[in-house]
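Asker: Submitted below is the structure of interest, expressed as C-alpha cells.
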Amino acid sequence: MDHNHGSSQDTPWNINIPYAGAMAGVLAGLTALLAIRHFIVSWRLFNFKVYYRWERFIVNKFSYTLVGMRGRPFLPPIGAILIALLLLTTVLPLLLVQVDLAINSNRAGFLAISIVPFLLASTGKNSAMALVTGISPVKLNYLHRLLATAIVVLATVHMSTMLKSWSRFPTFLESKLAEEKVQYGLAGYGCLCVVFLGSLYPIRRLCYEAFLTTHIIGFGFLGAIAKHTPYAMRYFFAGFLCYVLNALAGWFIKSRIARARFDVLPNRCTRISLRLSSPLIHRPGQHIYINLPALSYFEWHPFTITNTHMASDGACDMIEVHACVRGNFTRKLYERAQHTEEWTAFISGPYGNGSIDLEPTTMLTTHEDILLLGAGAGITFPIRLLRELAFTLLELPLEANYITREIQFCWSVRYPGELDWFKQELEQLLVAFETARRSEDRIPRLSINLYVTGTDIGSVDEKLDDEQQNEGNGMLRRSPDSETSTRPNLFTGTRIQARTLLRELDGGSPGVFACGPAGFNAQVKNAVAGCSTFRSVPHLHCEDFEY
C-alpha cells in the first residue's frame, strides 16, 4: 500500500498525473472556447445573425429559475445547474475509473490540486478569467464557489479514505500521523475547511470581516499543500500568478482616493457624490467598490454608477452613486451621513464587463422596444441606462438606423416615499421626450410606470399631486392627449408583471434590461424564457445587486 506522492523533490512520474492533466485540460478548453467567443462577439468579426439568435434563445431558456412560495428562488437557474452537472460528470469518471480509492486515495488529491489554478484565476474583481471570457466577476463568482466546493469534496475524499485505510493498523496510523508530510496535509485541509465555512452565505452577508479573514487563511492552505506534496506547485504557480495580477490591477490600476459628500434622501437612501483624485472612464452598467474607513477598514461595497457627466473621451472626475439601506454597511452609512459632510473614500473600479449591448446607440439600433425594469434599490441600473438614452436622443444628432419606437421604464418600490429618489427627474424626462416628439417623430415614445407594492399607500396622492386614483385596479389613468400625459402612471398594490409587458409588445426582439432582488430577477428571467421563440427572441440583460 503506497500512499507516497514521490520519494524526492524532483517529482518522479505518478500514475495520477494524466487524470489531473485531463481535469485541467477540460477546464482550460472551456475557458478557451469562452475566450474565443468573447473575442468574436466583442469585435463583431462575423455577422452570424442566426448564431446570435440561437445563442440568445438558448441563454434565455436556460435562465429559467425555480422559485418558492414567496417568489424567491430556491435553486440556481437551469443553466447554472447544468454547469454544476457538467463539472460533476467530468470529476466522477476521473475520480472513479480504474482506481481503488482505498489503495490510491491520491487520485482525489491530484484532481483537487488541478482545479486550484482555475479557482485562483476566477478570484477577485479583476480576475484573469473575467478578462479573457468577458463574463462579469459577479457571474463568475458562481463558478468560483462551484470549483471551491469541488476542491473541498475531493480533499475530503483524499483524506478520509487514506485515514480509513490506515486506521486498520493503529501502530501504522500513529507513525504516519507523526510524519511532517502528513501533518502538512492535515494542516492544509484544516485551512481549507475554515475558508469554506467562512464563505457560507450567512457569514459573508452578516459579517464581511469574518469572510475576508477566513479567505486570507486560504494562503495557509496553498503553503501547507505545497509542503505536503512536491507536485502541487506545478498547478499552483499559474493560479498564483493570476491572483497576483488581480491584486496588482486592483490596487495600482483601478484604485483611487476620493472625497465623498452625502445627501440623505427619503426612506433610508443616501446619495454619495465622489470627487476622484484622477479621472475615471466608465461605461453604462458598470459599478465601483467603495471603502469608507470611517465605517470599516476592510469592507468594500459595490454600487452602480448612476451619473453620466462625462467628457468626450468618456472620462469624469465626479461619480454619483445611491446607497439604499439593505445591510449593516449601508445602514451605518445612512445613520452617520446625517451628521457628516465629507469623508475620505477609497474607490476601486469600474467593474462589470460594460457590454456593448448596453451602449445607447447599440440599444437604439437593435431593439424596436426597450424595457427598463427596476425593483427597489435596483433602480440605479435602469436609471443610468435611461439617462444615457435620453442624452443620445435629445442632445446628439439622430442616426438614420435608429429603430426604437418605445421605451418603457418600470420601477417597483415597497413604500411611496422611495419614489422621491428619482421622481422629479423622471417627470422632467417625460416632458423632454414629449416636447422632442412634437418636432421629430423618430424620437421614441417614453412611458414611465411606477408600482407601489406595500400596504402603506396613504401618501401616494401626495407623491403625485391630486390626481384621481382608480380603486378598481390601483392605476392612475391618464389620457395620452391630456395635460397629464407627461406624468408617470402609478399602480398600487401590485408588482411589475414582466410577462404581461412582453406579451403586449408587437413582437420582434425587444431589449429587456432589469435589476433588483433575487426574486424580482427570477421573475423577469422566467418571463423572458417563457416568451422566447425563435421568431421573437428578447434580449435579456439582468444585473444582480445581491452578493
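The values are calculated or read from the model by the stated rules, or taken from the named source; none is laboratory data. As the structure is a computational prediction, the values presented were derived from the model and not from experiment. Reconstructed Cβ throughout: ideal geometry from the backbone, glycine too, with neighbour counts over all protein chains shown. We work out accessible area using only protein heavy atoms, side chains counted, and drop any ligands, DNA or RNA first. Shrake-Rupley method; radii C 1.70, N 1.55, O 1.52, S 1.80 Å.
Asker: List the trypsin sites (Lys or Arg not before Pro) within the stretch 243-338 that fall in a DSSP loop (any state other than H, G, I, E or B) and whose Cβ has at most 16 other Cβ atoms within 10 Å.
Answerer: Here the trypsin sites (Lys or Arg not before Pro) that fit, given the DSSP loop and packing criteria, are ARG326.
Asker: Helix 49-62 versus the longest principal axis of the chain: what angle, 0 to 90°, nearest 10, using Cα atoms?
Answerer: For 49-62 against the chain, the angle is about 80 degrees.
Asker: Moving to a separate point now. Relative contact order (percent) for the chain, with alpha-carbon contacts under 8 angstrom and 6 or more residues of separation?
Answerer: Relative contact order here is 14 percent.
Asker: State, as an integer percentage, the relative contact order of the stretch 191-236 based on alpha-carbon contacts under 8 Å between residues 6 or more apart.
Answerer: 36 percent
Asker: Cα axis of helix 106-121 to longest principal axis of the chain: angle in degrees, 0 to 90, nearest 10?
Answerer: 30 degrees
Asker: Same structure, new question: Answer with one residue from LEU505, GLY519, ASN449: the one whose Cα lies farthest towards the positive end of the charge dipole of the chain, charges on Cβ with Lys, Arg +1 and Asp, Glu -1.
Answerer: Result: GLY519, furthest along the dipole toward the positive end.
Asker: For a protection proxy built on the mean count of beta-carbon atoms within 10 angstrom, sort 367-376, 413-422 highest first, please.
Answerer: 367-376, 413-422
Asker: May I ask you to compute the full-extension gain from SER296 to GLU55, defined as 0.36 nm times their residue separation minus their alpha-carbon distance, rounded to one decimal in nm?
Answerer: Length gained between SER296 and GLU55: 82.5 nm.
Asker: Please give the charge dipole size of the stretch 202-285, origin at the Cα centre, charges +1 on K and R Cβ atoms and -1 on D and E Cβ atoms. Round to the nearest 20 debye.
Answerer: Value, rounded to 20: 320 debye.
Asker: How big is the Kirkwood radius of the chain, worked out from every pair of different alpha carbons and given in Å to one decimal?
Answerer: By the Kirkwood definition, the hydrodynamic radius is 26.1 Å.
Asker: If you take the charge dipole of the chain about its Cα centre, with +1 on Lys and Arg Cβ and -1 on Asp and Glu Cβ, which of ALA155, LEU66, VAL50 is farthest toward its positive end?
Answerer: With unit charges placed on the Cβ atoms, the residue in question is ALA155.
Asker: Dipole size in debye (nearest 20) for the stretch 37-115 around its Cα centre, Lys and Arg Cβ +1, Asp and Glu Cβ -1?
Answerer: Working: 9 positive and 2 negative charges, 116 e Å.
That gives the stretch 37-115 a dipole magnitude of about 560 debye.
Asker: Using only Cα atoms, tell me the angle between helix 218-228 and the longest principal axis of the chain; keep it within 0 to 90° and round to the nearest 10.
Answerer: 20 degrees
Asker: Would you be so kind as to identify which of GLY352, ILE403, THR171 lies farthest towards the positive end of the dipole of the chain, taking Lys and Arg as +1 and Asp and Glu as -1 on Cβ and the Cα centre as origin?
Answerer: THR171
Asker: Under a cut-off of 17 Å between alpha-carbon atoms, report the lysines in cross-link reach of LYS227, not counting same-chain residues fewer than 8 places apart.
Answerer: LYS176, LYS181
Asker: Counting only C-alpha contacts under 8 Å and six or more residues apart, can you give the relative contact order of the stretch 133-290 as a whole percent? Let's see the in-between values first.
Answerer: Values: 93 pairs, mean separation 22.3, N = 158.
It rounds to 14 percent for the stretch 133-290.
Asker: What full-extension length gain, to one decimal in nm, is calculated for GLU406 and SER160 as 0.36 nm per residue of separation minus the Cα-Cα distance?
Answerer: Full extension from GLU406 to SER160 adds 82.4 nm.
Asker: Placing +1 at every Lys and Arg Cβ and -1 at every Asp and Glu Cβ, with all other atoms neutral, what dipole size does the chain have around its Cα centre, in debye to the nearest 20?
Answerer: Values: 50 positive and 45 negative charges, 298 e Å.
Dipole magnitude for the chain comes out near 1440 debye.
Asker: Show the residues, 5+ positions off or on another chain, whose built amide H is closer than 5 Å to the amide H of LEU540.
Answerer: Amide H neighbours of LEU540, under 5 Å, 5+ apart: VAL512.
Asker: Related question: At a 1.4 Å probe radius, carbon and sulfur cover how many percent of the accessible area of the chain?
Answerer: Accessible surface attributable to carbon and sulfur in the chain totals 60 percent.
Asker: Would you mind checking LYS125/LYS525; LYS332/LYS525; LYS61/LYS139; LYS49/LYS139; LYS139/LYS525 for any pair whose Cα atoms are more than 22 angstrom apart?
Answerer: Numbers: LYS125/LYS525 25 Å; LYS332/LYS525 33 Å; LYS61/LYS139 17 Å; LYS49/LYS139 25 Å; LYS139/LYS525 15 Å.
Distance filter (> 22 Å) returns LYS125/LYS525; LYS332/LYS525; LYS49/LYS139.
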